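Here, each number is a calculation from the coordinates, and none is a lab measurement. For clarity, every value in this text was computed on a predicted model and none was experimentally measured. Cβ: placed from backbone, ideal geometry, glycine included. Neighbour counts: every protein chain shown.
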Amino acid sequence: MLLTITNSRYPATDLSFLLHKHPAKVQSVEVMNGKAHVFYPEAGDEKCTCAILLDMDPVGLVRNSDANSFALDQYVNDRPYVASSFMSSAISKGFSSALNGNCKEKPELVSIPLQLEVQISVLSIRGGEELLQQLFQPLGYEIIAIRHPLDPHFPEWGNSRYFTVTLKNEITLQALLSHLYVLIPVMDNEKHYWVNEEEVTKLMNKGKGWLENHPSREIIVRRYLRHQRKLSDNALAAMTVSEDAPLPEKAARQKLHDVRLQAVSDEIARLNVTSVIDLGCGEGRLIKLLLENKQLQRITGMDVSSHSLEVAASRLKLDKMIESQRKRIQLIQGSLTYKDRRLHGYDVAAMVEVIEHLDEDRLLAMEKNLFNEIQPNTVVLTTPNKDWNLTFTTDENMLRHSDHRFEWSRAAFNAWCEHIRDVYKYTYEIKPLGEEIEAVGAPSQMAVFSKQ
Amino acid sequence: MTLNFPELSLVVLVGASGSGKSTFAKKWFRPSEIVSSDAIRLMLSNDENTPGISEDAFELLHLIIAKRLKRGLLTVVDATNVNSQYRKQLVALAREYHVLPVAIIMNMSDRVCQDRNKTRTDRVLAPRVIKGQMATLKSGIHKIREEGFRRHFEFRTPEAVEDITEIIREPLFNDLKHEEGPFDIIGDVHGCYDELCTLLTTLGHTVDKAAQRITATNGRKLIFLGDLVDRGPASPAVLKLVMRATEEKLALCVPGNHDNKLLKYLTGRNVLLQHGLKQTVEQLEGTDLEWIESLKKWLDGLVSHYVLDHGNLVVAHAGLKESMQGRGSGAVREFCLYGETTGETDEFGLPVRYNWAANYNGKAAVIYGHTPVVRPEWFNNTIDIDTGCVFGGSLTALRYPERELVSVPALQEYAVPARPIRESMNELSLQQEHDNVLDINDVIGKQLIETRLMKRIGIREGNAASALEIMSRWGVNPKWLIYLPPTMSPTATSALPDYLEHPAEAFKYFKGEGVKKVVCEEKHMGSRAVVIVCKNSEVVRKRFGIQEESIGIIYTRTGRVFFDDESIEQGFLKKIADVITERGGWETYDTDWFCLDCELMPWNLKAQQLLRNQYGATGAAGRYAMQGAIASLEQAATNPAALPLLREYRERAAMVDQFTTAYRQYCWEVRGMEDYQLAPFHLLATEGKTYFDKDHEWHMEQLAVFAGGEGNPVIATKYQVVDLEDEAGVLAATEWWHAMTNNGGEGMVVKPYDFITMNEKFFVQPAVKVRGKEYLRIIYGPEYTLERNLVRLKERGLSTKRIMAQKEFALGVEALERFVGKVPLSKVHQCVFGVLAMESEAVDPRL
């Protein structure tokens, strides 16, 4: 929350003209939810330091919010103490003329590189010193960073993401402030207000002359624009005139899920049925595929999360669908461990990558509900194959997702299927999902259960 | 002339326009009881004469009738109803809701109708329309009985209608709601006279066996569930005794299918002499014909079922589903005699019974027989007490309201059952098996839950939806979830300048609520935990219906399992169980399980992430930011203008250090199980009992017995009892709070002395917390004590939080009371689910 700028180019007090702040005064400017105090710890001809001390109002941060800013939900928060987008706002408010390259009294100073040194305590860096180097080195800075521990009392807690940072460069004050204005929130990777088109303009403006050719411009743009894909794509496109920087491909994991969904959808198509219920439909991706199957007259998605169902409805564009199509789909909130008449009467129940999200001691209730109460003619169920985890880890206990309660090896899955066959009078067939690798099998496994 | 029909009837008025139906209806029925087609047409069209709306009007008319009948309300249909087809639809509707259809026919002359029609101002019909209506009426009216109207009244002149002096609404025969008992309810006797006499004697009644007469009862009314006859050795004796007892008002009796078949035989209908009827017929040979006549009359007069004790008890031979209770129709009678069958037959050629009880969710306990079972079991508030005496089992009675079972064994096997009476192979009871999967309808949507402490608690649909997700994704098995603790409100903010919370406001609050004495309990620096600990895993299976190798569970206040590692959980529970064993707890409370409300330490056990990522991070950021700021300000201090800022930042830097000190108190190193501590503060329940009627001092004393000693994880909670009138006592408690919180303690909880304290309005907040000044830094931030912050933080509303706390308390108490009262799990679950739903309501999380 403290930023000091030191000039040691004679006469050092030129800094005060450029900043348009008198060295003998302690001044305060209002910023959103707080104040910024500007004062000079030192003001000689050899060396002149101006400090901007951000004084955030911790109560206001939680209590005040308008449509364009976020209220914090916790009073216990690092925001009052770190240099963040609040610091950028303070710079643009407190040093607006310098940032914009104006100096009424000595306009000639604006374009002269000064001997500048900046100190920030503390800077929150998501990405560590590596990122700090990556961002400032190409701009010619000498960097000294001290990383702070979370709590010296508990060394086992390790380091925090907070640094006291010193940056040195021979550069114009305007360039320095522009760098800081853009890069402080990039390092923090957060913003206290909602990012919109206007923010792209600000970025293009402040980044002029250095961002376009910055080797890390992509990460800068994406973080600055809060990972809003459309905004950052536009900004990057505007910067990249000729060279085609290809946008990074989505991870292979995504593809696996597509394979899985296609396999389930194909399986259902083969069954020649007219109604399906997707138990744990999530955001409705399987439903989207199933809709293409004209034979299906009734497609119901059930999920335990009403939020997921809202996303599903908007992804499927239910409100814009023509009536005949709309009538085929139904989305309901429900749970696999509760009896529910609404889940009855479907030819097929699909359960794609859902079972591993249930605690093992709740499987009994789920089984009874699915195979004894709901009793669809066919159940198509998929779950990750734990054997395959060997392709990326040797850690026995490592799971592919933090919400997975377990992952079954092929043998464990088969044992469970056998148990279902014996207790509930269903036959089953297991198929691999995804590319099979010797000794570990495919990434996922599918069982198709048929009522006897 | 008087008209009489059952109080729950569908009264269908029949007559052409102008025949006087509406006038008649208005005179004899309440406006709300009359459903008029004219009114509905008007509602749908603004004009009764609009053509083309008949279909919609009829649909709506039928819908209104259906909803009224479902709710058990007498309904009068004011429409012409001259068409036989329409009337049949109404009869079908009445049957669907097991209500008697009654027709009142205004068969007036053409002149009467035409004259009346002319004087109408609202709607004038062409004379030919009325003529047509009259013709339709006359063509079908003679067959009205065949249409299904068991009772009908016809009037041919206005004078005859004028002559009606009274309409008598007859109560249904099955309505004995005013009879509260106590009752002794006896299952299928099937001619086992000896066993019946023994049972009656065992129950405390006096029987003259030779005279086939009960000479005196012990004040309890007897109820026979039917199937008095067939298969057994002495059906006539049983009949004589029961007939006499009913005539003398000592007993009630509902008919069974065997009794019904005997009646058919006696009245000369063609029935096969099988399933034991042959024996009965032989035993009746040579009996006095006059008695046979009275028997026929008696059997014919038996009422299918009874609704007793303000609707809390229903008795019927084969049981009765909720929608049929208190109704009268052929279908109801059929159900009472035979139950519901699926239409299929089993391997023994007997009809497969549909298990109506599995879907039963009614308020009334249903006591029935009909299907022999090895052991009677309560199931969804129903119980089959036919223990197959005639097949060599026993004859069973159920005492109501005690719900106690009394059985006498059969003296011999008098008959062999066509379908063997098998004991279930499952080690869970029917109810426990059923409760493996609960019904979503009991929890989702808008819910209204009746509790003992608060009449009706509403749960919002959106909150229930959130709770469904939490419960399904993270909740422990609902069979464990018999209680969830309520949220707790803090005290009102302090009037003292340096404090946000202070004991004075808590004492003042309770005094204002009329509480004389409070208990102050130390607030432990741990996490709320509900502990269920059983003597062994057998108890877990038998009492909780959970088939797993465990001796209990520890879960959080949101119903999540406390320890992710099951072996730690079970190991810890074993330690607690050992302490209970060692100190005679099982015997003292005559129980094999305990449910305790506790605090489990240390807090960092559950909050490791929070401590590092939020508290540790804020502390680090604050510490180094302050260092930098102060260094710069010190450098600037040659400028006097910077001095005030320097002073302020030094003060604030100290607060950041205090904050760090505050959260460090919560970080104990946990090397293993021996570092955990459990501080129970409520002994919630043991087998058959809850302890909400005991005061908090009692709870503290009882629980202290299990605390302390080498290697014991259970610790006692420090507490003080404070008389609010005694100033010295109040002062001492305040000092005590200061001493605790100055040492870094979290604070204290102030509770009214009695667990449940009623004042003239309501029950008082069960507890209010007063948190320490330093502890509050980790809630409100390091610098909350800065005056400009504190002033604003003092503005906080508590009313939502307090209402929530009360509702959640009422729901938690209700859940546990239901569980110890052995009601079906769905009713317990509804309450804990309600607590969870309440918790998803948006309130300031810092309160």
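Per Stokes-Einstein, at 25 °C and 0.890 mPa s, what whole-number D in µm² s⁻¹ belongs to the stretch B:93-199, with the Kirkwood radius over Cα pairs as the hydrodynamic radius? Calculated translational D: 128 µm²/s. Listing A:E396, A:E190, B:E427, B:E521 from fewest to most neighbouring C-beta atoms within 10 Å gives A:E396, B:E427, A:E190, B:E521.
Between B:L448 and B:E697, the contour length at 0.36 nm per residue exceeds the Cα-Cα span by 86.3 nm.
For chain B, averaging the sequence separation of C-alpha pairs within contact (under 8 Å, six or more residues apart) and dividing by the residue count gives a relative contact order of 11 percent. Axis of helix B:643-664 versus longest Cα principal axis of chain B: the two differ by about 60°, to the nearest ten degrees.
Extension gain, A:K327 to A:A415: 0.36 nm times the residue separation minus the Cα-Cα distance gives 27.7 nm.
When only Cα pairs below 8 angstrom with a gap of at least 6 residues are kept, the stretch A:2-194 shows a relative contact order of 24 percent.
Please name which of B:H305, B:V76, A:P80 has its Cα lying farthest along the dipole of the protein assembly as shown towards the positive end, using unit charges on Cβ (Lys, Arg +1; Asp, Glu -1) and the Cα centre as origin. Working it through, the farthest residue towards the positive pole turns out to be B:V76. Rounded to the nearest 20 debye, the dipole size of the protein assembly as shown about its Cα centre is 4080 debye, using +1 on the Cβ of Lys and Arg and -1 on the Cβ of Asp and Glu.
Spatial offset of the stretch A:78-108 relative to the stretch B:362-419 amounts to 87 Å, using the alpha carbon center of each.
Overall, chain B carries a charge dipole of about 2820 debye about its Cα centre when +1 sits on the Cβ of Lys and Arg and -1 on the Cβ of Asp and Glu, all other atoms neutral. Taking the Cα centre of the stretch B:569-668 as reference, the dipole from Cβ charges on Lys and Arg (+1) and Asp and Glu (-1) amounts to some 720 debye. The residue list B:I440, B:A465, B:T451 was ranked by how far each Cα lies along the charge dipole of the stretch B:435-474 toward its positive end, using unit charges on Cβ atoms, and B:T451 comes out on top. In this simple spin-label approximation, B:N355 and B:K143 carry label points 7 Å from Cα along the Cα→Cβ vector, and these lie 4.5 nm apart.
Applying the criteria of a DSSP loop state and at most 13 other Cβ atoms within 10 Å to the trypsin sites (Lys or Arg not before Pro) of the stretch B:381-452 yields B:R403, B:R422, B:K446, B:R452. Provide the FRET efficiency to the nearest 0.05 for the B:E290-B:N4 pair, computing r from the beta carbons and using R0 = 35 Å. E(calc), rounded to 0.05, equals 0.65.
As a proxy for reagent exposure, B:S550, A:S92 were ordered by neighbouring Cβ count within 10 angstrom, fewest first; the result is A:S92, B:S550. Pick out, in residue order, every one of the GluC sites (Glu not before Pro) in the stretch B:640-687 that is DSSP loop and has at most 12 other C-beta atoms within 10 Å; say none if there are none. Qualifying residues, ordered by number: B:E669.
Across peptide B:789-801, the mean count of Cβ atoms from other chains lying within 10 Å of each residue's own Cβ comes to 1. In this structure, the residue pairs whose Cα-Cα separation is over 29 Å, taken from B:K535/B:K751; A:K191/B:K773; B:K516/B:K773; B:K479/B:K689, are B:K535/B:K751; A:K191/B:K773.
Pick out the long, greasy-scoring helices in chain A: whole DSSP H runs spanning 20 Å or more along their own axis by Cα, mean Kyte-Doolittle at least -1.0. Span-like helices here: A:173-188, A:252-270, A:410-424.
For the pair the stretch B:747-772 and the stretch A:1-27, the centres of their Cα atoms are 60 angstrom apart. Computed from the C-beta positions of A:N372 and B:L44, the FRET efficiency with R₀ = 56 Å rounds to 0.75.
A DSSP coil position with no more than 14 other Cβ atoms inside 10 Å describes the following chymotrypsin sites (Phe, Trp or Tyr not before Pro) in the stretch B:313-349: B:F348.
Taken residue by residue and averaged, Cβ atoms of other chains lying within 10 Å of the Cβ of B:470-481 number 4. The phi-based Karplus calculation (6.51 cos²θ - 1.76 cosθ + 1.60; θ = phi - 60°) puts the 3J(HN,Hα) values of the stretch B:316-329 at 7, 4, 10, x, 7, 6, 4, 5, 9, 5, x, 10, x, 6 Hz, whole numbers, x for Gly and Pro. With contributions of -39500 (n - 2.57) from each DSSP H run of at least four residues, the per-residue ellipticity at 222 nm computed over chain B stands at -11500 deg cm²/dmol.
When the protein assembly as shown is described by a simple charge dipole with +1 on each Lys and Arg Cβ and -1 on each Asp and Glu Cβ, the residue from B:I756, A:N169, A:G209 located farthest towards its positive end is A:G209. Across the stretch B:760-773, coupling constants 3J(HN,Hα) worked out from phi with the 6.51/-1.76/1.60 Karplus curve, θ = phi - 60°, read 5, 8, 6, 8, 7, 2, x, 6, 9, 9, 10, 8, x, 4 Hz, and Gly and Pro carry x.
Residues of the stretch A:33-61 with backbone nitrogen within less than 20 Å of a virtual label 7 Å along the Cα-to-Cβ line of B:E651, please, listed as ranges. Hits in the stretch A:33-61 for B:E651 at 20 Å: A:34-38, A:53-61.
Amide H contacts of B:G256: B:D227, B:L228, each under 5 Å away and 5 or more positions distant or on a separate chain (H built 1.01 Å from N in the peptide plane; Pro and chain starts excluded).
Applying 1/(1 + (r/R0)^6) with r as the Cβ-Cβ distance of B:E179 and A:Y428 and R0 = 41 angstrom yields a FRET efficiency of 0.15. May I ask for the angle, rounded to the nearest 10°, between helix B:84-96 and the longest principal axis of chain B, with both axes built from Cα atoms and the value confined to 0 to 90°? Taking Cα atoms only, the helix is inclined about 50 degrees. For B:E154, the residues 5 or more places off, or on other chains, whose built amide H falls under 5 Å of its own are B:I105. For helix B:503-512, report the angle its Cα long axis makes with the longest principal axis of the Cα atoms of chain B; keep it between 0 and 90° and round to the nearest 10°. The answer is roughly 30 degrees.
Relative to one another, the C-alpha centroids of the stretch B:487-566 and the stretch B:18-41 are positioned 60 Å apart.
Listed by Cβ neighbour count within 10 Å, with the fewest neighbours leading, A:M239, A:M1 appear as A:M239, A:M1.
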